[in-house]
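Working notes for the structure below.
The values are calculated or read from the model by the stated rules, or taken from the named source; none is laboratory data. If you're wondering where the values come from, they're calculated on a predicted model, not measured in any experiment. We place every Cβ from the backbone using ideal geometry, glycine too, and count neighbours over all the protein chains shown. Ligands, DNA and RNA are excluded from the accessible area calculation, which covers all protein heavy atoms including side chains. Shrake-Rupley method; radii C 1.70, N 1.55, O 1.52, S 1.80 Å.
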Amino acid sequence: MRLRTRVIAAVFATATLAAPVTAGADGLPDDGPTITMTVTNNSDAPMIYAGDSNAYGQWVDKPATVIAAHATETISAVATDRRGLGIQVTYTMPGDGQVALMSNNYGTGPANADGTRIDGANRHGYSIASHVETGFPFMKVTYTVAHP
């Protein structure tokens, strides 16, 4: 009976070690500062990717080209500099609205979403709320875009 228990335990351990590792926000490196942005589009219109800035880091989960209406996407980056990083991702909205999502995760101050805004002629047609959940070195921030 003990031999059977050991064989089952060995098979289970081998299967566990051989399990694939998935990419995504859960697979962020832990050797440098990171930013994980969770973006929820609570509007009735798609958010269309317009550009980004990530001068001091590398993308782990690149910005989606479209965030559908009532959908959520995760964007993440890791710093190439141990002091931190700041990123910006911009999406356009119908009617000449532009959503700028900013995340700043530097060890010299609190992690923040300062600079997050809606620009353009239709900026009053949308609202944005941000909430920093955790700060340096592993920043997590949520953004919710909606019609006011």
*Failed condition for residue 26, given (1) of a type outside the set (A, V, I, L, M); (2) open to solvent by 50 Å² or more (accessible area, probe 1.4 Å); (3) at pLDDT 95 or above, with all others met?*
(3)
*List every residue pair whose Cβ atoms sit under 7 Å apart, with the two residues 6 or more apart in sequence or on different chains, where the first one lies in region 84-102 and is among the charged types (D, E, K, R) and the second, anywhere, is open to solvent by 10 Å² or more (accessible area, probe 1.4 Å) and assigned to a loop (DSSP other than H, G, I, E, B).*
96/120; 96/121; 96/122
*asked:* Step by step: first the residues of region 112-142, then only those that are in contact (Cβ under 8 Å) with a residue 60 or more places away in the chain and more than 18 Å from residue 42 (Cβ to Cβ), then the one that is surrounded by the fewest Cβ atoms within 10 Å (Cβ to Cβ). Which residue is that?
replied: 138
